[in-house]
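A short worksheet on the structure shown next.
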Amino acid sequence: MSRIEPQPGIMQIALYEGGKSRIEGMSNVVKLSSNENPFGPSPAAQEAVKRTLHEMHRYPSTDHAELRAAIADVHGLDADRIICGVGSDEVLAMLCHAYAGPETEVIHTEHGFALYRIGALAAGAKPIEVPERERVTDVDSILAACTDATRLVFIANPNNPTGTMIGMAEIERLAENLPEQALLVLDGAYAEYVDSYDGGARLVEARENVVMTRTFSKLYGLGGMRVGWGYGPKAVIDVLNRVRGPFNLSLAALAAAEAAIRDTAYVEKSRGENARLRTWLSGALAEHGVPCDTSMANFVLARFADADEAGACDAYLQTQGLIVRRVTGYKLPNALRITVGDEPSCRRVAHCIGQFKAGAR
């Protein structure tokens with residue numbers, strides 16, 4: 001019998017399932033399952049990628065200096081406190097690798113992003129799940145769960161898959177009252193969709209126990225390029241750079257991200273269209289008897305009477321060539337997460353849900 005075994009915790013990790021992208025036997029499929037920007041990346045980003053083709057034999061930079069400078073310039077940050085990763089997922093994983101481990105605990109909320117639990121288990125730490133309040137992060141529940149073993153506290157703000165968020169006063173209260181050995185990690189994958197919200201950047205600069213992560217996969221339309229970044233105390237960023245792979249981002253990814261973040265006009269257009277269509281879609285679903293929490297992201301969480309109705313609606317939508325996301329794995333069996341697509345997609349999915357509800361009566 002083989003004695004070759006993985007580290008404790010690894011086999012507790014369920015394989016991650018991404019949003020479905022095809023339906024057997026159908027060609028005119030609308031994918032609304034992965035929170036992608038329906039307008040794609042900026043034309044400037046596409047051109048930047050093309051310019052890297054003749055340099056494919058060259059290694060990319062190891063310090064990502066140009067991209068970090070662009071991020072710092074656009075957001076008014078300190079470039080020396082920025083780290084770039086293969087999506088914000090890699091930055092989250094690096095935090096677990098560097099700060100969690102055996103006999104430590106990592107806190108996440110009950111409907112929080114699956115990677116928090118995965119990262120904790122992969123590092124040998126114990127994931128601690130705390131309840132939310134009506135699908136909203138509950139600071140008191142988090143603080144009550146903290147112990148001497150707590151090393152990381154993850155919250156997504158806005159949260160995925162609920163779309164809800166808490167205000168800065170609550171985030172500041174959380175940071176202020178954490179145990180002294182714990183880091184608060186603010187996952188801002190959807191922060192760009194919220195007007196006048198810096199994702200926690202100013203709090204990062206004011207404290208030594210807060211790290212913020214962001215991504216180019218959502219608003220910037222670069223999910224296929226896999227680029228994310230983190231902003232934190234210099235001491236934390238120094239630690240993360242010690243475990244980061246030296247060539248973790250490709251030439252094409254670096255070029256695309258730099259061009260995308262500097263194309264502020266395209267960013268504003270995408271943000272504005274998302275806000276307009278998110279409001280319309282939420283209202284249209286409500287008229288069909290399908291409520292959604294107030295979403296601050298690029299998706300809505302459509303809630304049904306029970307798991308059976310949610311499953312039946314999902315199955316019906318697939319017969320109409322529409323792919324949305326079941327979120328049973330996030331303990332929301334009676335809900336479907338629906339990406340805010342372009343206007344034809346939003347109208348199509350709302351119409352089909354209306355047809356389903358009418359037929360269900």
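So the values come out like this:
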| read-out | value |
| --- | --- |
| Scope the stretch 295-340; condition within 16 Å of Asn159 (Cα to Cα), of a type outside the set (D, E, K, R) and in a loop (DSSP other than H, G, I, E, B); matching residues | Ser295, Met296, Ala297, Asn298, Val327, Leu332, Val340 |
| Scope the stretch 228-259; condition over 21 Å from Asp78 (Cβ atoms) and either hydroxyl-bearing (Ser, Thr, Tyr) or outside the structural domain of His75 (by TED's automatic domain parsing) (or both); matching residues | Ser250 |
| Of all residues in the stretch 211-231 being under 14 Å from Val91 (Cα atoms) and among the aliphatic types (A, V, I, L, M), the one that is farthest from the chain's Cα centre (by Cα) | Val211 |
| Residue, surrounded by the fewest Cβ atoms within 10 Å (Cβ to Cβ), within the stretch 133-160, restricted to residues that are over 18 Å from the mean Cα position of the chain (by Cα), of a type outside the set (Lys, Arg) and assigned to a loop (DSSP other than H, G, I, E, B) | Glu134 |
| Residues (surrounded by 11 or more Cβ atoms within 10 Å (Cβ to Cβ) and among the β-branched types (Val, Ile, Thr)) located in the stretch 1-58 | Ile10, Ile13, Ile23, Val29, Val30, Val49, Thr52 |
| Matching option when the condition is hydrophobic (A, V, I, L, M, F, W, C) and closer than 27 Å to Glu24 by Cα, among Ala310, Ala305, Ala297, Ala284 | Ala310 |
| Single match in Leu240, Leu219 (criterion: closer than 30 Å to Met56 by Cα, part of a loop (DSSP other than H, G, I, E, B), aliphatic (A, V, I, L, M) and in contact with a helix residue (DSSP H, G or I) (Cβ under 6 Å, 6 or more places away or on another chain)) | Leu219 |
| Criterion violated by Tyr266 - all others in (1) over 25 Å from Asp78 (Cβ atoms); (2) surrounded by fewer than 18 Cβ atoms within 10 Å (Cβ to Cβ); (3) under 21 Å from the mean Cα position of the chain (by Cα) satisfied | (2) |
| Test: Gly76 is under 24 Å from Ser196 (Cα atoms), buried (at least 19 other Cβ atoms within 10 Å of the Cβ) and not basic (Lys, Arg) | no |
| From Glu208, Glu273, residue being modelled with pLDDT of 95 or more and in a loop (DSSP other than H, G, I, E, B) | Glu208 |
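The values are calculated or read from the model by the stated rules, or taken from the named source; none is laboratory data. What you see is a predicted model, and the numbers here were worked out from it, not measured in a lab. Because the Cβ atoms are built from the backbone with ideal geometry, glycine has one as well, and the counts that use them run over all protein chains shown.
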